[in-house]
Structures are given as structure tokens and as C-alpha cells.
Amino acid sequence: MADITRRLGWRHLRGAPTAHVRHHRSGKLVHDGPGLSFWFRSLSAALSEVPVDDRELAMTFHARTVDFQDVAVQATVTYRISDPAVAAARLDFSVDPDTGVWRSAPLEQLGTLLTETAQQHALDVLARTSLSSALVDGVTAVRERVAAGLAAEPRLPATGIEIVAVRVVALRPEPEVERALRTPAREQIQQEADRATYERRAVAVERERAIAENELASQIELARREEQLVEQRGTNARREAEENAAADKVRAEAEATRTVRLADAEAARSVKLAEAEAQRSERLTLAEASRTVRLAEAEAARVVQLARAEAESAREVGEARAQAQAAWLRVHGDVDVATLHALTGTRLAENLPHIDSVTISPDVLTGLLSRLGAGDRE
């Protein structure tokens, strides 16, 4: 489809490289060619756009064979418009000057023409061919006949159409007929499969028999070897028992010898230990006695020193007391009787228990006061 734009009452067309554009103005051809781009006025322009690229036309139709069986034909025709001027003159490829869209459907007309022409030649071939031959060689025959028929068709060059290639994809009968045709082949394949299954089973049975015989022979051989193995195991057990007995005897003699040696060594070690212990005890006893003597001597010396010190201290204390007593007596000998009485009362008061109150009679107080007065006068 051409690309048309509007500008101030004018139109601009821009075509594709695969589209042949023809522009007529007032009945005269102004532009003609693929991929054109030009300005035009819509009121005076007549435009046609013819595609010149290769196009694929797929078609499917039914035909009847000589044995009255219906088959479906699937084919594809590749064509191109080789003469755009002739095609534009024979078919309506005109486009709308405002939108660039075809006013009609020219490609559908071409498709109908090619489909009916190809179908006519295919029906002509299949109508004289049986179904089995059509399924075997029908594709090639139909393709060659359709290609030859389209090439010889005079209307196609007159319309500017060139056939590029013809392909027949498949020829298929009706589903029921196709299943019926497949049945013999399937049965033959099934028979071949069954025969192969039977042969495989026969071979398997033969192999199983051979395997069973081999297993039986193997069991017999295993039983014979097991018997030999039992005998050999008995012989080995007897030899092992004899060897164990001899080994036990040797071990017992060696153990006895070792025990005797150990007892002798233990006895000698015990004697040595006893002698060493006796010597150690004797040395400990002598050392303890010596230490005791030294301690006794030291204690005696300490006691004598303490006794001397106590005697010296007692003598000094006695002398001090004697001197103090003598001095006390000398002091009291020089003091009068009243002073002695006062000192006596003081000492007595110091040694008396606690007294809350003392009651003095007038006679005693009078006598004391008189004595005190006499003493003051003296």
C-alpha cells in the first residue's frame, strides 16, 4: 500500500521498491515505475499500484480418482507480476488518492484464477489414476501436470503473470480409507513383530535350558568341592589343634620358667629391700636418739637458765621490797600519831566496800573536832 500524505491541497505519494506505481493525469501517463516518490493533485490524478514481488498462493482442493476415492490435494503456487502495465490494464489495481488503498481486490482475482487453473489440471490427472497409484506417484504427477498446465495457460501471460514455482505438499485420502490402507501394513508389521517375539521366546527358552544345565553342573561341582573343602577343613582343624597343643606346651614351659625367675628376682629384691629398710630404720633410730639427747640437753640448759633468772629476779624483788618496807617504816616512825591515824583512815577507806551514806553522832564529831583543834594549836 502506497504511503500518501497531504500538504496544502497537494498529495505526496511514496511507493515501495516492490510496488510498481502508474500515475495518469488527464489521461496521460506521467509517472511509471517501482519505488517512485512524487507530488500530485488528487482531482486530476489516476493512480495504480501493482506489486512486483514473488507471492505465495496456498490452495487446498478435493479430487476423485478412477476408483471413485476422494483425495485432498495441498499445493502452493509461487507467482509474480512480470508486466505491471498489462496487469494494470487487465485488472483493477487503482488506489484511492487520499488513503493509498486499493479500490477493489485484484490479488483475490489472481488467486481465484490460479487456483481454478491448477485445480483443473490436477483433477484431470487424478481422474485417470487409481488411489494406490495416486498415493505412490501422485505428488510428482500432479506437480508436473499443474506446472505444465500453468505454463501453457494463455491467459496468464496476457494478464502479465509469470509462474515461478509449483509445489504439491500432500495427497491424502479420506480418514477411513487411510486407516484401511494402513491396516495391511500394520498387520504385516504385527506379524513380523509376533514372529520376532516367538523367535525371541524360543531363543530365551533354549538359553534358559542351557542356563539350567549349567546351574545343575555348577551345583554338582560345588557339592564335590564342598566335600573336599570339608575334608580339608577337618585336616586343617586337626593340624591346628596339634599346633595349638604344642604351642600351649611351649607357652606353659616358658611361663613356668618366667614365673620361677620372677619369684627368685622378687625374693632377692625383698631381701635387699628388708636390709635397706633395716639400715634405714637403724639410721633413723640413731638420728632420733641423738636429736632427743640434744633436745634434752638444750631443755635442761634452758630450765637452768630460767631457774637462775627467776632466782635472780626473786632476789632482786625481795631486796626491793625489803628496802621499800624499811623506807616505809622509817617514814612512819618519824610521823606523829595523828598523821598515822589519818593515813590509816585513808587506807581503810580505800579498802572498804561502797557506802551510800554515813551517820556520825555528835559525840564522835565533837571528839574529832576537839582533837583536830588541839592538833592545830600544837
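The values are calculated or read from the model by the stated rules, or taken from the named source; none is laboratory data. Quantities reported herein were computed from a predicted structural model and do not represent experimental measurements. Cβ: placed from backbone, ideal geometry, glycine included. Neighbour counts: every protein chain shown. Accessible surface is based on the protein model in full, side chains and every heavy atom, while ligands, DNA and RNA are left aside. Shrake-Rupley method; radii C 1.70, N 1.55, O 1.52, S 1.80 Å.
Computed quantities for the displayed model
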{"read-out": "Qualifying residue in the stretch 320-333 (condition: exposed (fewer than 10 other Cβ atoms within 10 Å of the Cβ) and either modelled with pLDDT under 65 or outside any helix (DSSP H, G or I) (or both))", "value": "no"}
{"read-out": "Residue in the stretch 135-149 that is of a type in the set (Gly, Ala, Ser) and touching a residue at least 60 places away in the same chain (Cβ under 8 Å) present", "value": "yes"}
{"read-out": "Options 177, 166: the member that is within 29 Å of residue 78 (Cα to Cα) and touching a residue at least 60 places away in the same chain (Cβ under 8 Å)", "value": "166"}
{"read-out": "Counted residues, the stretch 166-179 - those being open to solvent by less than 60 Å² (accessible area, probe 1.4 Å) and out of contact with any helix residue (DSSP H, G or I) (no Cβ under 8 Å at 6 or more places or on another chain)", "value": "1"}
{"read-out": "Residue check, residue 56 out of contact with any helix residue (DSSP H, G or I) (no Cβ under 8 Å at 6 or more places or on another chain), surrounded by 15 or more Cβ atoms within 10 Å (Cβ to Cβ), of a type in the set (D, E, K, R) and in contact (Cβ under 8 Å) with a residue 12 or more places away in the chain", "value": "no"}
{"read-out": "Candidates 148, 63, filtered to the one that is out of contact with any Ser or Thr (no Cβ under 8 Å at 6 or more places or on another chain) and crowded, with 18+ Cβ neighbours inside 10 Å", "value": "63"}
{"read-out": "Residues of the stretch 98-134 classified as within 30 Å of residue 179 (Cβ to Cβ), part of a helix (DSSP H, G or I) and touching a helix residue (DSSP H, G or I) at 6+ places or on another chain (Cβ under 9 Å), total", "value": "11"}
{"read-out": "Failed condition for residue 100, given (1) on the phi < 0 side of the Ramachandran plot; (2) surrounded by 14 or more Cβ atoms within 10 Å (Cβ to Cβ); (3) not β-branched (Val, Ile, Thr)", "value": "(1)"}
{"read-out": "The stretch 121-130, residues that are closer than 17 Å to residue 169 by Cα and open to solvent by 10 Å² or more (accessible area, probe 1.4 Å)", "value": "121, 123, 125"}
{"read-out": "Output for the stretch 1-33, where each listed residue is open to solvent by 60 Å² or more (accessible area, probe 1.4 Å), within 13 Å of residue 85 (Cα to Cα) and without any contact (Cβ under 8 Å) to a residue 24 or more places away in the chain", "value": "29"}
{"read-out": "Test: residue in the stretch 105-119 that is within 27 Å of residue 4 (Cα to Cα) and of a type in the set (D, E, K, R)", "value": "yes"}
{"read-out": "Flag if residue 47 is aliphatic (A, V, I, L, M), more than 20 Å from residue 156 (Cα to Cα), open to solvent by less than 20 Å² (accessible area, probe 1.4 Å) and part of a strand (DSSP E or B)", "value": "yes"}
{"read-out": "Candidates 195, 155, filtered to the one that is touching a helix residue (DSSP H, G or I) at 6+ places or on another chain (Cβ under 9 Å), more than 16 Å from residue 65 (Cβ to Cβ) and open to solvent by 80 Å² or more (accessible area, probe 1.4 Å)", "value": "155"}
